[in-house]
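K.L.:
Take a look at the following structure, please.
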Amino acid sequence: MTRTSRVLLAVVAGGIPAAVAWWAFGRPSQWLATERGLVLTEVNATGSFQVVAVFVVVGIVFGVLAGVATHRLTRPGRWETVLGLAAASSAASLVCWRLGIWLGPPPPESVKGLEVGDEVSAQFAVDGIVPFLVWPLVAVLSYTLALYLSSDGEDDDEELADEVSERSEP
């Protein structure tokens, strides 16, 4: 197994701590138990947006870290690495999503023994594809920026130029 493969597998495994961060910072909607059943009031509905927003923020932080780490730990400038990074960060977003749902609260309708006025947390959910696309987009973008801004090889070129100019002097 090559170093690039190990780094990309670590990127996929990075979805596990990302899920823990999503679970820790996400505040889901609160369903209110009434005589007629569970009701989601307008005031309590803000959590559904907040959970998705936290998923996106976790994806942005994850993407920056994954892109820079991949640049630093692999042989930079290869198209295979970029494709692998996009695939690995996409897989990490799916790992985070599934594990976050598993860690988060159960579906509200499965909670038993509720009395009128009790609040029940909604299950974690991501209701679109765009939050999942943020993860590979940011990872590839940060990899590209790290590659562009890095000084890899510049010092070697200057040393080589100095050495050549010293040899050419009479």
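K.L.:
Among the residues of the range 96-116, how many are open to solvent by less than 50 Å² (accessible area, probe 1.4 Å) and in contact (Cβ under 8 Å) with a residue 60 or more places away in the chain?
P.N.:
Residues that pass the stated criteria total 6.
K.L.:
Looking at residue 92, is it farther than 16 Å from residue 5 by Cβ and either among the hydrophobic types (A, V, I, L, M, F, W, C) or under 22 Å from the mean Cα position of the chain (by Cα) (or both)? Steps first, please.
P.N.:
Working: farther than 16 Å from residue 5 by Cβ: no; either among the hydrophobic types (A, V, I, L, M, F, W, C) or under 22 Å from the mean Cα position of the chain (by Cα) (or both): yes.
When the stated conditions are applied, residue 92 does not pass them.
K.L.:
In the range 134-156, how many residues are on the phi < 0 side of the Ramachandran plot and without any contact (Cβ under 8 Å) to a residue 40 or more places away in the chain? Explain how you work it out, then say what you get.
P.N.:
Just the residues of the range 134-156 that are on the phi < 0 side of the Ramachandran plot, to begin with: 134-152, 154-156.
Cutting the leftovers down to without any contact (Cβ under 8 Å) to a residue 40 or more places away in the chain gives us 148-149, 151, 154-156.
Residues meeting the conditions: 6.
Here is a yes/no grid of residues against (1) within 25 Å of residue 144 (Cβ to Cβ); (2) open to solvent by less than 70 Å² (accessible area, probe 1.4 Å); (3) modelled with pLDDT of 95 or more:
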position: 3; (1), (2), (3): yes, no, no
position: 38; (1), (2), (3): no, yes, no
position: 52; (1), (2), (3): no, yes, no
position: 62; (1), (2), (3): yes, yes, yes
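K.L.:
Same structure again: Which one of these is at pLDDT 90 or above and of a type in the set (Ser, Thr, Tyr): 89, 48?
P.N.:
Numbers: 48 fails: at pLDDT 90 or above.
Criteria check complete, one pass: 89.
K.L.:
In contact with a Lys or Arg (Cβ under 9 Å, 6 or more places away or on another chain), surrounded by 17 or more Cβ atoms within 10 Å (Cβ to Cβ) and of a type in the set (Gly, Ala, Ser): which single residue out of 88, 19, 33 fits that description?
P.N.:
Details: 88 fails: in contact with a Lys or Arg (Cβ under 9 Å, 6 or more places away or on another chain); 33 fails: in contact with a Lys or Arg (Cβ under 9 Å, 6 or more places away or on another chain).
From the options 88, 19, 33, the qualifying one is 19.
K.L.:
Further, regarding this structure: Just the residues that are touching a strand residue (DSSP E or B) at 6+ places or on another chain (Cβ under 9 Å) and either loosely packed, with under 13 Cβ neighbours inside 10 Å or hydrophobic (A, V, I, L, M, F, W, C) (or both), please, taken from the range 117-145.
P.N.:
As a first pass, look at the range 117-145 and keep what is touching a strand residue (DSSP E or B) at 6+ places or on another chain (Cβ under 9 Å): 117-122.
Across the range 117-145, the qualifying residues are 117, 120, 122.
The values are calculated or read from the model by the stated rules, or taken from the named source; none is laboratory data. Remember, predicted model here, so these are calculated numbers, not experimental data. Quick reminder, even Gly has a Cβ in these numbers, built from the backbone with ideal geometry, and neighbours come from all protein chains shown. The protein model used for the area step is the full one, side chains on, heavy atoms only, and it has no ligands, DNA or RNA in it. Shrake-Rupley method; radii C 1.70, N 1.55, O 1.52, S 1.80 Å.
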